[in-house]
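S.K.: Structure provided below as structure tokens; questions to follow.
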Amino acid sequence: MEHEMEVKYPAIFRDEGTYWDVRFPDVPAAQTFGASVPIAADNAANALAIALFEQPRPVASNPQYWRLASTEFVVWITMANVQFGPGTDTPEPMN
């Protein structure tokens with residue numbers, strides 16, 4: 001069964017010096033990283049899609065009151081018209 005939906009969750013990007021760590025407080029299984037912010041954002045979208053595959057979607061938090069370290073910032077990762085289920089294409093792995 002296919003399900004089309006918009007997926008939107010806040011992600012915390014943290015500068016680790018040589019790479020950017022990304023985590024989703026609402027979807028703990030969706031953790032990733034990248035050598036730059038754009039690569040980390042692409043990886044974050046893929047990690048989110050994989051973590052939510054055939055899983056109930058948790059409610060997205062409002063990051064307005066989150067306390068972040070000076071090396072962190074929040075990005076909303078949004079994917080429109082996402083299709084989950086048999087017969088849909090599997091995302092390509094990111095390097």
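S.K.: Yes or no: Tyr19 of a type outside the set (S, T, N, Q) and more than 8 Å from the chain's Cα centre (by Cα)?
M.R.: Against the criterion (of a type outside the set (S, T, N, Q) and more than 8 Å from the chain's Cα centre (by Cα)), Tyr19 qualifies.
S.K.: Continuing with this model, one more query. Identify the single condition in (1) assigned to a strand (DSSP E or B); (2) modelled with pLDDT under 85 that Glu92 does not satisfy, given that it satisfies every other one.
M.R.: (1)
S.K.: Oh, and also: Would you check which residues across region 1-29 are at pLDDT below 95, touching a strand residue (DSSP E or B) at 6+ places or on another chain (Cβ under 8 Å) and not in a strand (DSSP E or B) and list them?
M.R.: Passing the criteria: only Glu2.
S.K.: Something else about it: Which of the residues that make up region 30-40 are outside any loop (DSSP other than H, G, I, E, B) and either of a type in the set (Lys, Arg) or within 20 Å of Arg57 (Cβ to Cβ) (or both)?
M.R.: Once the filter is applied, which keeps residues that are outside any loop (DSSP other than H, G, I, E, B) and either of a type in the set (Lys, Arg) or within 20 Å of Arg57 (Cβ to Cβ) (or both), region 30-40 yields Gln31, Thr32.
S.K.: Condition check: under 9 Å from the mean Cα position of the chain (by Cα) and not in a helix (DSSP H, G or I). Does Val59 satisfy that?
M.R.: Answer is no for this residue.
The values are calculated or read from the model by the stated rules, or taken from the named source; none is laboratory data. Since the structure is predicted, the reported quantities are computational estimates derived from the model, not experimental observations. Cβ atoms come from the backbone with ideal geometry, glycine included; neighbour counts cover every protein chain shown.
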